[in-house]
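The values are calculated or read from the model by the stated rules, or taken from the named source; none is laboratory data. All values reported here derive from a predicted model rather than from experimental measurement. Cβ atoms come from the backbone with ideal geometry, glycine included; neighbour counts cover every protein chain shown. Keep in mind that these areas ignore ligands, DNA and RNA; they rest on the heavy atoms of the full protein, side chains included. Shrake-Rupley method; radii C 1.70, N 1.55, O 1.52, S 1.80 Å.
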Amino acid sequence: MAINAGNSFRTRDKLNVGAQNFEIHRLEFLEKQGVADLAKLPFSLRILLENLLRCEDGRFVHSEDIRALASWRPGAPEKEIAFMPARVLLQDFTGVPAIVDLATMREAVQRMGGNPKRINPLFPAELVIDHSVQVDNFGNANAFGLNAELEFQRNIERYAFLRWGQTAFQNFKVVPPDTGICHQVNLEYLARVVCAMPYGNRFEAYPDSVVGTDSHTTMVNALGVFGWGVGGIEAEAAMLGQPSSMLIPEVVGFRLHGRLSEGATATDLVLTVTEMLRKKGVVGKFVEFYGSGLSTLSVPDRATIANMAPEYGATMGFFPVDKETLNYLQFTARSAEQIALVEAYCKEQMLFRTDETPAPLFNDTLELDLGTVEPTVAGPKRPQDRVALRQAKSSFTKVLEGTPVKHVAVRNNGDSFDLSNGSVVIAAITSCTNTSNPSLMLGAGLLAKKAVERGLQVKPWVKTSLAPGSKVVTDYLLKAGLTEYLDKLKFNLVGYGCTTCIGNSGPLPEAIGAAIKENNMVAVAVLSGNRNFEGRIHPLVRANYLASPPLVVAYALAGRMDVDLTTEPLGNDQEGKPVYLHEIWPTPQEVEATVRQAVTQEQYKKQYAAVYDGDEHWKGMAVPAGDLYQWDAKSTYIKLPPYFENMAKTAAPLADIHAARVLAILGDSITTDHISPAGSIGADSPAGKYLLANGVKAHEFNSYGARRGNHEVMVRGTFANIRLKNQLAPGTEGGWTRCQPNGEQMSIYDASVKYREAGVPLIILAGKEYGSGSSRDWAAKGPKLLGVRAVIAESYERIHRSNLVGMGILPLEFKAGSNRETLGLAGKETFEITGVTALAPRIDIHVAVMDNEGTAKQFTVVARVDTPEEVAYYQNGGILTYVLRQMI
């Protein structure tokens, strides 16, 4: 990230902060040269402008890119630019394969006579292990310890590998398991807001920016940190010094004014914002919040909103730096020197907001009076399906229309009760969205205290859990004297990490699960998370609602979704009198007083002083040593992938694709969830058969996510989603195809093996929006290992198209007005793809097709290799091979 000495606009200057001097790129100099009017630029674009100025090199970033962004106005023509983040944030599911790839690159460098120690992240890369804890045990004092024990048993191979990486690689740190959620750790500790990095014998200062391998990386936008979630391939590329290509985004301004009314929480606010922005349509855009209402929202309140940018569809949900930002940095024990740098730099660079700051220009705007926000839930299937709490009962009743009324007698753990449609069987205080917010967490604790004092209990069929985003949360709950009341309602600590929100809710009690399954009941989960898509929370739970932590406790007390919490009682007290939610709901004054008394700077200091140390499990692991990883041939979690086998020091000439066969024909809106392995592993699937053959029992399979470091498992799970419909194998769902030329039906993986043995390259035919959804790296890595050489689709999701190029797969696009149907492609033909030898950005490529009867047809497609750099990536077989050759 060194400041470019050859900057075209001569913006280099010095900034003095106390006794320290920093080199900066002064944005004001662009105004003096008549290139920019900074006050008209959204704050987010000002940060992006500084990034271009600092990274201008004539290769990735050109002076015309800077000029285009500096003179940006709403409605400006599209312009592609390159963004280089300051650091990378990883979570363990996506981080393990990234570090596997770096370790594999070291092997390749060693094999070719180079120094493997040269392979390191070039910028800070921090990995937080937070996706592997599961709620197996709950509702008792031992739940946390038992879940942590199971977590280590299941994942010790992965954890030992990451501990090796922590010592072997420079610029790479690992936050051990049972510490917190990556986004909350990022907000409370890792985020710099303004970076200060050595530059020769001086320091340079520049805005903090981050790409993360989790879509909710946007949570840190609440601190004025620029960044978002990306796929693993993009994150690896960033670690190795390759910028992200992007269009200058549209920026939607969201004006907030007024203040939240009594009874409304930050969760209610974000669910309202999510509904509004989904209706507005902000996919692929920046959302920037402005207006006097910001001054009434704490950074944790803002973080609740920024976290859910993926749910409202935006690339970012950005809050500029202001006085609240400085207060939060001080409160979370950042150093006085760092806070002084943030304040001085942001004020000097017109990156500091006040209520008097004029509103910049935006492509579009909308506004919200905070005083109109009311208690809310969202569900039963999508985060944007907001329902006012007063209408939750009637809304859920509509969900049940046409469903037979069922009451099933169940006996579990000594309790007898009736289960029916609408029973809340999971109530989880979980997820980075809300557990980062002391007001929400202490509000839940205060409500629990009042409920216990009135003699209320959680219904016996509810699986309860408390999974905070950092250890600071349990510290302040304990200091406030609220832990005992949450425990009495069985909201015992179950772990620190992503649990119910990502489907790690663990099993339901056997009797309850059996009753739901056998009677096809509509069971309900209420969680303080950010995602409630079908099948995500638990396979047996069909209706899932997002709610604030206090409402999660309330629904656990009520035990049902078809109850109006605004008018009906939660239960009866010791004297048999009804207890209503409004009677035990804590007032804003109570919550504020408890936050002031219970949350201290010392808690952040203590918990983050040893954040990389880990517990005895972590410290006691046997860890390989050395610059090269000691691969275990028997491991079913971590394996050396074949990306660099037989790799020459120089790239071979570009080659056309001859006699290719179609592996799959896919329709519109095929997501990366359809392509990439995810969820549980079936015993009769190719991946399950592989694990069984390697001595792994079915109950030890774990998930595809946990096994992302083993390419043998992942390639067998590619295109194996149970809902995938391959039109080449009509009448089937899942990973099936027909192997040509004889048309025998078999799994996609087995067919790929047959084709590979016969030396046949493979292609995919697809419709519109191919690769939409989360930018999973294995959606590109898996097809590469299956032998897919090209995809021909009607259109692509931007990140997935980039990832295909990054893995050396050629993305081709049908010409407008043509597709598989209009061209009469059955998928049984052989394909000749020519013109690749002269590949250049977006050129026409010729495709000749021959069916089994010898009938030929021809058409042209567009090569969606969009930049000269992408041509180089493709020629080298992918971005990792390209970078490796550059280093050698």
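Things worth noting here:
- Note on semi-axes √(5λ) of the Cα gyration tensor in Å: of the candidates [x] 42, 36, 26; [y] 48, 31, 25; [z] 72, 39, 23, the value calculated from this structure sits at [x].
- The residues of the chain expose, per residue, 36 Å² of accessible area to a 1.4 Å probe.
- Once all protein chains are placed together, GLU348 keeps about 80 Å² accessible to a 1.4 angstrom probe.
- Over the chain: helical MRE at 222 nm, DSSP H runs n ≥ 4 each giving -39500 (n - 2.57), nearest 500: -9500 deg cm²/dmol
- Violating pairs (Cα-Cα greater than 21 angstrom) within the set LYS488/LYS605; LYS450/LYS488; LYS639/LYS784: LYS488/LYS605
- For the range 423-439 versus the range 236-296, the gap between their alpha-carbon centres in whole angstrom: 21 Å
- Taking a straight Cα-Cα cut-off under 15 Å and skipping sequence neighbours fewer than 8 places away in the same chain, the aspartates and glutamates within cross-link reach of LYS725 are ASP668, ASP673, GLU733.
- Between ASP369 and ARG73, the contour length at 0.36 nm per residue exceeds the alpha carbon distance by 103.9 nm.
- For the range 506-535 versus the range 840-868, the spacing of their alpha-carbon centroids is 48 Å.
- Given a 1.4 Å probe and the protein chains as shown, SER703 ends up with an accessible area of around 30 Å².
- D_trans [Stokes-Einstein, Kirkwood Rh over alpha-carbon pairs] for the range 166-325, 20 °C, 1.002 mPa s, µm² s⁻¹: 127 µm²/s
- Here the calculated FRET efficiency for ARG390 and LEU146, from their Cβ-Cβ distance with R0 = 51 Å, stands at 0.80, rounded to the nearest 0.05.
- Cα centroid separation - the range 153-216 against the range 768-795, whole Å: 28 Å
- Length released on extending from ALA816 to GLN170, taking residue separation times 0.36 nm less the Cα-Cα span: 227.8 nm
- Apportionment of accessible area to carbon and sulfur, the chain, percent (1.4 Å): 49 percent
- Annotation: amide H of ILE81 within the under-5 Å range of MET246, LEU247, ILE248, sequence separation 5 or more or interchain, hydrogens built in the peptide plane.
- Solvent-accessible surface (1.4 angstrom probe) belonging to HIS846, in square angstrom, nearest 10: 70 Å²
- Per-residue Karplus couplings for the range 510-522, computed as 6.51 cos²θ - 1.76 cosθ + 1.60 with θ equal to phi - 60°, are listed in order as 4, 5, 6, x, 5, 5, 5, 5, 5, 10, 6, 7, 8 Hz, Gly and Pro entered as x.
- Cα-based radius of gyration for the range 102-151, normalised by 2.2 N^0.38 Å, reads 1.99.
- In the chain, a dipole from Cβ-located charges (positive for Lys and Arg, negative for Asp and Glu) runs towards its positive end, and of ALA515, GLY18, ALA238 it is ALA238 whose Cα lies farthest in that direction.
- In the range 351-453, the GluC sites (Glu not before Pro) that fall in loop regions by DSSP, at most 15 other Cβ within 10 Å: GLU356, GLU401
- Förster radius 56 Å - calculated FRET efficiency between ALA633 and LYS517, Cβ distance, rounded to 0.05: 0.90
- Candidate aspartates and glutamates for bridging to LYS577, where Cα separation is under 16 Å - those fewer than 8 sequence places away on the same chain excluded: GLU453, GLU568
- P(r) histogram, all alpha-carbon pairs of the range 427-580 included - 5 Å bins from 0, percent: 2, 10, 20, 23, 20, 15, 8, 3, 0
- Qualifying GluC sites (Glu not before Pro) in the range 674-762, DSSP loop, other Cβ atoms within 10 Å at most 14: GLU733
- Summing Cβ point charges (Lys, Arg +1; Asp, Glu -1) relative to the Cα centre of the range 562-688 gives a dipole of roughly 900 debye.
- DSSP assigns beta bridges within the chain; of those with both partners inside it, close to 45 percent run antiparallel.
- Within a straight-line Cα-Cα reach of under 16 Å, LYS323 can be paired with the following lysines, leaving aside sequence neighbours fewer than 8 residues apart in one chain: LYS347.
- Candidates GLN875, ASN819, PHE831 compared by Cα position along the dipole of the range 802-888: farthest toward the positive end lies GLN875, with charges placed on Cβ.
- Close amide H partners of VAL662, meaning residues 5 or more places away or on another chain with modelled amide H under 5 Å apart, are ILE763.
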